[in-house]
Amino acid sequence: MKEKEFINRYGLFSSIVVTAIGVGVFSYPRDLTRLVGSDGWFVTLISGAISCLLLYLIYRVVRLNNYNSFYSILHYNFGGFLAKICAIVFVFFNIFSIALGMRVFSEVLKMYLLLRTPTEFILILMIFTGIYLVRSGFDVLVRFNQIAFWLMFLPILFIIIIAAKGADFTNVLPVFNNKPLDYLKGVGATIYAFTGYQIAYLLIPSAKEKDAIPKIIVKSMIFISLFYVIITIMSLAIFNKKETTNLLWPTITMIKSIDIPGTFIERWEGVVMALWVIFYFTTFVNGYYLSSDIIKNAFKVEDVKISSYILMPFIYVIALYPENVPELYKISNMTGSTLSTFSLVILPVLILIVSLVKHKGGCRDEI
Amino acid sequence: MKFKKILPVVLCSILLSGCWDKVEIDRRSFISSIGIDGGKDIGKQEDLKTIKPDEPFAERRIKKLNVTYGFPDISQLGPGKAGTASEKFISAEAYSMEDAVAQATLKSSRNLYYGHSKLLLISEDLLNYTDIMKEIFDYLERQPTLNKMMMVVAVEGRAEEYIKFKPEMEKNVDEYINGLMENSSRAASILPITLKEMLVALSENGNAIIPRMTFDKDKKELKLSGVAVIKDFTLKGYLNPIETADLEILRGKLENGKKVVYKDGHPVDFIIEDLKRKIKVNHKNGKLFVNIDINLEGSAKGFYFGKEISEVKTIEGLEKDFNKSLAVEFKKVVKITQSEFSVDPIGIREYVEKYEPSFWNSVKDKWDETYKNAEVNVTVTTHIRRIGVIK
């Protein structure tokens, strides 16, 4: 069932970017600054480079297997049973990260804006909205990503420029004042913030210009890394090292403490929260579609419309599982890292090796 | 088919039934100023340590704090009426800040809202209780809805009196004090600090400087008088307005200020219009040598009728006088911060941390001592650029 090729360069770029940048950006500067102090920007660049390699790996795997869908690749290389297990783990990883992200998102929303609205209600509403978009189909989703990209980054750019007033950029000093081991730890903690690029499994087969893909992959990863670098530097410059590690969500508190004398906008939360909704929603809906699509292919479900309903209760339950915010972050750090290592490093490498050795050229047929 | 018709109705009842966070604006009371005083039981902090964490009825009435909330009388606002309103107050005796909110809610017919607060007054008496201050600062930082950009002022006496004070120039005290703070661009001895800046400074090492305010009961006047120096969450001492102005120059933050020398028995005022500060740091055997270079630029204002200052020589002489007197003055202020407070408000600590990381790592644990023994040298270069419209 090869889909017709309709994704242009910009569609590919914006889809990868909006999927990778999600709620992770709320807490991103915190862990990073705790581990490596003012060298966060450097670690971000390393993490970005590693993620770029992993994304390129995905591209190689898909290209080697003649641009087939993710499950077809699994099926052809591993056989039916193993492929199903791998697909389930992969889907579980996706569901897990979007569900926990959803919980973070609803906690933040509850803390700043909707004080008395039950968490369950926010979750259900978010899932329903997601299903609506997933049901509209893949091409609509990509269109949505293209529009959301501007909706997200134009206002953020504006906010960052304003926030730069009164920031002390010398806080970024001193540079390279850490032990090498700390940098490794920092990379380990931050690389999770880049996940989301596995959406490429879905995007690459439908991309129009196959030759341009590697270039776009690099571009999108550079964009994501730079965005994280800017966010880290800004929160270091506005707070200091200690305060950044102390805050649960430095990025939000940073925007809250912007004060422009004489302007008509004084309290930003409303505006900013509306922005974050899109930040999270794009991550959620892309991950959701990817999972639904894999489930559809793996279990021969008729349509994405139906497989998305199958996943719905899982998202809801995982999102509600953590008791409180610290537990939420503990779970997402622990389980998230093992699952993502498997799904994003081990699995693509395995597929690559198997398809190189066994089949010499990967699968040509479709399922 | 029937199911399809019923479904929207069912969905409507699920999705439209709740409006949890609805608050009508006329049911809301916007707290504009918060004053924190010590309560009756403030001395009993030690007793509280005997309460076990698992004891029941922990909410017994211990009146550690007395918090006063000021809010504008919204009925005075509206189209065709004045832009500001006079204030009303609620006080609450409580054992913690959150308890104060609860107590105030009991006395209020409206929903109290803290997102628009502009002013936080902390009584100086309270600043001596380290444990309580730490509790309060933690609360202020943890609250997401609290406006982090409000001004913080330490007040002599009870903060409640300040909030209830009716100033001459404005209808309410938070407008008045905020106006005073904004004047810092015109008067050097005001060093405004927002809640965010204070929390950042405190989180760094527990030290901060907060503007201090006194209340003259006879004259019915509020005035800013220098800063209170906080070290390890405890009030350590004060700097008077002149020292505060000097400190601000040393920090390189001054926007506008005034200095004076006497020539032939007459004052010559020098208005500072531009300021550049450079720090240079050296270290030898663990001892710190700091060079602070200050470059001042501005104009002379008034001398003595009939006498001229337009001669290049006269100006150079004046500049020299300023250089000398200011350098000595600044050095003295630095000495005070070193020996009396051993707090470093100038930013030498941050400078060393940023630009001399290896040295910083070696003195990190004994910074207070290092700063205390550091040799600080201040050089001032004054440029009188303008002398007014007469010779």
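The values are calculated or read from the model by the stated rules, or taken from the named source; none is laboratory data. Remember, it's a predicted structure, so these values are computed and weren't measured experimentally. Virtual Cβ from ideal backbone geometry, glycine too; neighbours counted across all protein chains shown.
Considered as a group, the residues in segment A:209-241 that are outside any loop (DSSP other than H, G, I, E, B) and more than 24 Å from A:THR190 (Cβ to Cβ) include one that is nearest to the other protein chains (Cβ to nearest Cβ), and that residue is A:LYS215.
Screening the candidates B:GLY286, B:GLY347 for the property of being surrounded by fewer than 13 Cβ atoms within 10 Å (Cβ to Cβ), among the small types (Gly, Ala, Ser) and closer than 26 Å to A:ASN171 by Cα yields one hit, B:GLY286.
Just one of (1) within 26 Å of B:GLU182 (Cα to Cα); (2) within 16 Å of the chain's Cα centre (by Cα) fails for B:GLY115. It is (2). Here is a list: B:VAL281, B:VAL268, B:VAL229, B:VAL261. Which entry is surrounded by 13 or more Cβ atoms within 10 Å (Cβ to Cβ), under 24 Å from B:VAL352 (Cα atoms) and not assigned by TED's automatic domain parsing to the domain that holds B:ILE136? Checking each option against the conditions leaves just B:VAL281. Whether any residue in segment B:345-358 is of a type outside the set (A, V, I, L, M, F, W, C) and in contact with a Gly (Cβ under 7 Å, 6 or more places away or on another chain) is what I want to check. No, segment B:345-358 has no match at all. From the list A:ILE318, A:ILE367, A:ILE294, A:ILE306, the lone residue that is among the hydrophobic types (A, V, I, L, M, F, W, C) and modelled with pLDDT under 85 is A:ILE367. Residue-level analysis places B:GLU255 among those that are touching a Lys or Arg at 6+ places or on another chain (Cβ under 9 Å), at pLDDT below 80 and assigned to a loop (DSSP other than H, G, I, E, B).
Is it the case, given these coordinates, that B:ILE315 is more than 31 Å from the chain's Cα centre (by Cα) and touching a residue at least 12 places away in the same chain (Cβ under 8 Å)? It is true that B:ILE315 is more than 31 Å from the chain's Cα centre (by Cα) and touching a residue at least 12 places away in the same chain (Cβ under 8 Å). Go through (1) within 14 Å of chain A (Cβ to nearest Cβ); (2) within 26 Å of B:GLU161 (Cα to Cα); (3) part of a loop (DSSP other than H, G, I, E, B) and name the single condition B:LEU191 misses. Looking at each condition in turn, B:LEU191 falls short on (1). Restricted to helices (runs of 4 or more DSSP H) entirely inside segment B:318-374, those with at least 3 residues that are within 14 Å of chain A (Cβ to nearest Cβ) are B:348-355, B:357-363. The conditions of being under 25 Å from B:THR234 (Cβ atoms) and hydroxyl-bearing (Ser, Thr, Tyr) are not met by B:SER362. Filter segment B:194-221 down to residues that are within 14 Å of chain A (Cβ to nearest Cβ) and over 22 Å from B:GLU243 (Cα atoms) and give me whichever is surrounded by the fewest Cβ atoms within 10 Å (Cβ to Cβ). For segment B:194-221, the residue satisfying everything is B:ASN205. For segment B:295-326, the candidate set comprises residues that are exposed (fewer than 13 other Cβ atoms within 10 Å of the Cβ) and of a type in the set (Lys, Arg); within that set, the residue that is modelled with the highest pLDDT is B:LYS320. Of the set (1) assigned by TED's automatic domain parsing to the domain that holds B:TRP367; (2) within 17 Å of the chain's Cα centre (by Cα), all apply to B:ALA245 but (1).
Residue by residue, here is whether (1) farther than 24 Å from B:GLY237 by Cβ; (2) in contact with a strand residue (DSSP E or B) (Cβ under 7 Å, 6 or more places away or on another chain) holds:
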{"residue": "B:PRO267", "(1), (2)": "yes, yes"}
{"residue": "B:LYS276", "(1), (2)": "yes, yes"}
{"residue": "B:GLY306", "(1), (2)": "yes, no"}
{"residue": "B:ILE315", "(1), (2)": "yes, yes"}
{"residue": "B:LYS324", "(1), (2)": "yes, no"}
{"residue": "B:GLU329", "(1), (2)": "no, no"}
{"residue": "B:VAL333", "(1), (2)": "no, no"}
{"residue": "B:SER339", "(1), (2)": "no, no"}
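The helices (runs of 4 or more DSSP H) located wholly in segment B:79-159 that include 1 or more residues which are out of contact with any helix residue (DSSP H, G or I) (no Cβ under 9 Å at 6 or more places or on another chain) and within 14 Å of chain A (Cβ to nearest Cβ) occupy B:97-106, B:130-142.
Filtered by the rule that a residue be surrounded by fewer than 17 Cβ atoms within 10 Å (Cβ to Cβ), more than 9 Å from chain B (Cβ to nearest Cβ) and over 24 Å from A:GLU302 (Cα atoms), segment A:105-135 gives A:THR119, A:GLU120. Would you call A:ILE278 within 17 Å of A:ILE21 (Cβ to Cβ) and surrounded by fewer than 21 Cβ atoms within 10 Å (Cβ to Cβ)? The answer is yes for A:ILE278.
One residue is enough: does segment B:127-142 have a residue meeting the conditions of a type outside the set (A, V, I, L, M, F, W, C), without any contact (Cβ under 8 Å) to a residue 12 or more places away in the chain and farther than 25 Å from B:GLY226 by Cβ? Yes: segment B:127-142 contains one or more residues that are of a type outside the set (A, V, I, L, M, F, W, C), without any contact (Cβ under 8 Å) to a residue 12 or more places away in the chain and farther than 25 Å from B:GLY226 by Cβ. Taking segment A:150-208 as the range and being more than 29 Å from A:LEU54 (Cβ to Cβ), within 14 Å of chain B (Cβ to nearest Cβ) and either of a type outside the set (S, T, N, Q) or under 24 Å from the mean Cα position of the chain (by Cα) (or both) as the test, the residues that pass are A:ILE162, A:ALA163, A:LYS165, A:GLY166, A:ALA167, A:ASP168, A:PHE169, A:LEU173, A:PRO174.
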